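Everything below concerns the one structure shown next.
A short reminder: the numbers here are calculations on the coordinates, not readings from a lab. Just so it is clear, the structure is predicted and the values come from calculations on it, not from any experiment. Glycine gets a Cβ as well: all are built from the backbone with ideal geometry, and neighbour counts include every protein chain shown.
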Amino acid sequence: MSSEATSNITGADGDPQIAAELAETGLIVETPFKRFVSEFLESRVAMGALLTLAAIVLAAILAPFITPQNPYDLGQVDIMDGRLPPGSEAFAEYTMWLGSDGAGRDLFSAILYGLRISLAVGVTSGLIAIAIGMSVGLLAAYVGGRVEAFIMRIVDLQLSFPAALVALMLVALLGKGIDKIILALVVAQWAYYARTVRGSALVERSKEYVEAAASLGLSHARIMFRHILPNCLAPLIVVGTIQTAHAIALEATLSFLGVGLPQTEPSLGVLIANGFEYMLSGKYWISVFPGVALLITIVSINLVGDQLRDVLNPRLKR
Amino acid sequence: MTAVDGTMEKLEGQLNGEDAPTLVVENLKTHFFTRIGAVKAVDDVSFSVQAGEILGLAGESGSGKSITGFSILGLIDPPGRVVSGAIRFKGEDLVTASPERLRGLRGNRIAMIFQDPMMTLNPVLRVDTQMIEAIQAHRKMDRKAARQRAYDALEMVGIPSPGERLNAYPHQLSGGMRQRVAIAIAFLNEPDLIIADEPTTALDVTIQAQILHEAQALCKRTGTAMIWITHDLAVVAGLADRIAVMYAGRIVETGETDDVIDRPLHPYSVGLLGSVPSANKRGERLNQIPGMTPNLIGLPPGCAFKARCPRASELCNTTPDVSELIPGRKIRCHHPHLEEAAQ
Amino acid sequence: MTDHATSAAPLIEIKGVSKRFVKRLDFAGKLARRLGAGLEEETVHAVDGVDLSIAQGEVVGLVGESGCGKSTLGRMVAGIMPPSDGAILYKGRDIASLSGDDKLEATFAVQMIFQDPFSSLNPRMRVEDIIGEAPVVHGLVSSRNKSDYVDEVLTKVGLDPELKRRYPHQFSGGQRQRIGIARALAVKPKFLVCDEAIAALDVSIQAQVINLFMDLREEFDLTYLFISHDLSVVEHISERVVIMYLGRVVEAAQADALFAAPNHPYAQALLSEVPRLDQRKRDFQPIKGEIPSPLDPPPGCHFHPRCPQAFEACSAARPLLKTIAPDRISACHLND
């Protein structure tokens, strides 16, 4: 992201001394949260991405109320509507703006329902992976020594395999199903979070407020979770955002390959796979529109994540 | 920049006469325009430095002392800007000078020493590479001669076995050594002016003493003018010829070191000097200045020190002008401590 | 070290305390050593056999330059890190051997005030929680009375209790240091270890905080270990001064005696080289050389390579601390 867009208070050549001097004078009177928000919104691209993402999430959540059809209610799907091009009139007298698929489902409706599943899988696996990675990384940084060495070697090992390969092997072993794919995504992702949290926890651990907490006789658990953890959240949010996009893409990949979600729980990946056979017969829309929806979702999450990283990372500030 | 230019400048300096100050700053205002409002980091500051003279620029955090230094070097980045005033370096105005001209002067005629020597030193290059580059950037000199010059510069700042240090990387040197190398680099091209921004603050007492000693001797020997920026009056008391005390973006008092330290006129200088432990009786409460260092945003009009000043009156709601009530001593105050100074 | 001649039993006793930091080789390093590379585990003797006893109500100044181990010693006394050797006694009992309520009592009794007013306060906690957390967790105060208790402590350190809902970043450096002091006071300590507690503050604010320390001493009968590199501050508030160099005590004496005539050559150098307002444009020769790395300190007396009066014995044998006058010890071969 363009760094000149963030007009932080800096001095000559980003000299920290001047910045500190200005900070001392009370220049930074706004709360960190307000500053964070205004810095985030300084990039038009990031703001557009955030709005797009909000619209996508909202549309996915509200899908049952805004789609003309529930694509998985067999009573509402008419096989006579199959493979209609975009803009066709459906039998039930509504316009299929994005056309329909082989089974006669309205693609617009199918995409929104698919987004629900894709987002749910991505976010759920992300949250579980964060919980596991965070605890493990925090423990490694706090305890140190052999425990840290052991945990971090496992993390290194995990990270040396491509995430797609790990997930592919796991679903091949476990079989299909939404719970299994979430498990596979968690296994493929936790190590990123563990490494992120350990890195920032090591920095926080050496700060004097942690020593102060120790000399006040507070318990280790309290120091780890109440004192250190809240200060490690910023990088975790950044990694979490970008990893969620990865998870959604990974799930789509697995589903496209036919080892992910079953036909009964059609995510965007399943929709793309379903339309693939019609591609060569010129019925591009069945694959392309779900693909575009996936693309927009992932790109907007990544753009938001990039801006978060720029704003939250003190080293990139100049 | 070529050697010819360097000679021209020397000539110019001579034409202007030996007594003309190396640097004259007049009514300098550097403001920072932030979302929250304009910050008058430097607000109407005037001073001058002669060749071979050390001026101590003392102030607390937020007093604008570092920004003043950066303004002279033309290193103020947006949202900051020199709003008005003149910075005359040997007769040439630096405020209106082109960026190319400033780059030619920096590291050549005007050098800077930072609190953190790693601001000057490149961690991945050997000391000799950096020093030779610093020389060759501003004058034509072959590598061998430049290396010899670097060797001499290291020897000059009291570095033992300079040959070895030249081949070292910055991380192989101690903090004190690094600062010496940074000082040696500052003196490499025999500048007319050095701006030193708290160069000994991060160092230990015995190492600080060595560096103060070297810096003082070098200035006298080379005739370089020096501005020594610090928060520690005790450091400049032993080093500087003259002292300027800054508070909230303004110079409140200037004068000979002995005068300012022994007979301060401005209530802020009086309070500051009175609060140091050695001025008080052992074990007794110190004479503290009440209140906090002011917030430069939304500073009320008038004297910035009035809220903490025991002498403040209605009059202090108007900004005092700089006056020279005693020859050689400029102050910005409506109620200076003239009676004490007279004794 | 000889016992300090006070009638009262010492509040804190430091007995033969050492702290070593070992930088262990990682896997690659171990492998390289196996293959014959001359890699060794590096050991730093941060603190090397220090004895010190501090009586109830005393203010002891601990002075030295970087690498002398003063902060490490302070952290061991405050219970933040355990000593490698030796023992720290609180009211005659080894703190390491205590458990349960006794241990908690000793923990509360010794608190630390830190140098950096920015990193010493948790940026994500409100002032109210920073100060009130430990007393509530340990049951000194019920969570219902926490708010009132925090008000009381804040008033003691000269801060407006109205500000307690704020976060640390909303305060100036001096105010933050007061919050740090309030956090320590909230567990009713007997002994404060102040580690460069005013070094990071503005000059005009330093005097305020020093005054606060002196007021609190009166009010709560506090004992201080005041760690600083600033001799003028130590001279002002300490009754006794201990000077350390590279992990060892080189001289300790009553403050006025020590400042009047330092005995150890290092103490002499330190005292003469601190910038003072009353010393102008001096033309002195500062002592030569760098502070040696604590990884590889010189043999014998650690100071001998820089000492203007060094002779053969100085590089051969470690000078022992000797009583050279009542209440005064120094470790220099010149005293033999």
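Among B:Thr200, B:Thr120, B:Thr96, the order by Cβ neighbours within 10 angstrom, fewest to most, reads B:Thr96, B:Thr120, B:Thr200.
Structure remark: mean-square fluctuation, Gaussian network model of chain A, C-alpha springs under 10 Å; the largest value among A:Thr124, A:Thr196, A:Thr95 belongs to A:Thr95.
May I ask for the angle, rounded to the nearest 10°, between helix A:44-61 and the longest principal axis of chain A, with both axes built from Cα atoms and the value confined to 0 to 90°? Its long axis makes an angle of about 50 degrees. With both labels modelled 7 Å from their Cα along Cα-to-Cβ, the B:Arg35 to B:Arg285 distance reads 4.3 nm.
Axis angle, to the nearest 10 degrees, between helix C:127-137 and the longest C-alpha principal axis of chain C: 90 degrees.
Averaged over residues, the count of other Cβ atoms within 10 Å places the peptides B:148-154, A:96-102, A:155-161 in the sequence A:96-102, B:148-154, A:155-161, highest first.
When the Gaussian network model of chain B links Cα atoms closer than 10 Å, the mean-square fluctuations of B:Lys144, B:Lys65, B:Lys40 top out at B:Lys144.
Taking the Kirkwood radius as Rh and the Cα radius of gyration as Rg, region A:45-316 has a ratio of Rg/Rh equal to 1.08. In the protein assembly as shown, helices alone account for a calculated mean residue ellipticity at 222 nm of -13000 deg cm²/dmol, with every DSSP H run of four or more residues adding -39,500 (n - 2.57).
Nothing charged except the Cβ atoms of Lys and Arg (+1) and of Asp and Glu (-1): what's the magnitude of the dipole of the protein assembly as shown about its Cα centre? Round to the nearest 20 debye. Can you show the working numbers first?
Details: 95 positive and 110 negative charges, 298 e Å.
For the protein assembly as shown, the charge dipole is close to 1420 debye.
Between C:Ile95, C:Ile237, C:Ile324, the Gaussian network model of chain C with springs among Cα atoms under 10 angstrom shows the greatest mean-square fluctuation at C:Ile324.
Just to be sure I follow the definition: excluding the sites themselves, where is the longest run in chain C that has none of the trypsin sites (Lys or Arg not before Pro) in a DSSP loop with at most 11 other Cβ atoms within 10 Å?
Working: sites that count: C:Arg24, C:Arg144.
Excluding the exposed sites themselves, the longest stretch runs over C:145-336.
Applying D = kT/(6 pi eta Rh) to region C:187-336, where Rh is the Kirkwood radius over alpha-carbon pairs, T corresponds to 37 °C and eta to 0.692 mPa s, the Stokes-Einstein value obtained is 191 µm²/s. Projecting label points 7 angstrom from Cα along Cα→Cβ for C:Val137 and A:Phe33 puts them 2.4 nm apart. Shielding value for B:282-290 is 6, the average number of Cβ atoms from other chains within 10 Å of each residue's Cβ.
In this structure, B:Ala168 and C:Glu40 have a Cβ-Cβ separation that, at R0 = 35 Å, corresponds to a calculated FRET efficiency of about 0.95.
Between C:Arg280 and B:Ser313, the modelled label-to-label distance comes to 3.1 nm, taking each label 7 Å out from Cα in the direction of the beta carbon.
Rounded to the nearest 20 debye, the dipole magnitude of region A:45-316 is 1060 debye, with +1 charges on Lys and Arg beta carbons, -1 on Asp and Glu beta carbons, and the Cα centre as origin.
Relative to the longest principal axis of the Cα atoms of chain C, the long axis of helix C:203-220 lies at roughly 70 degrees.
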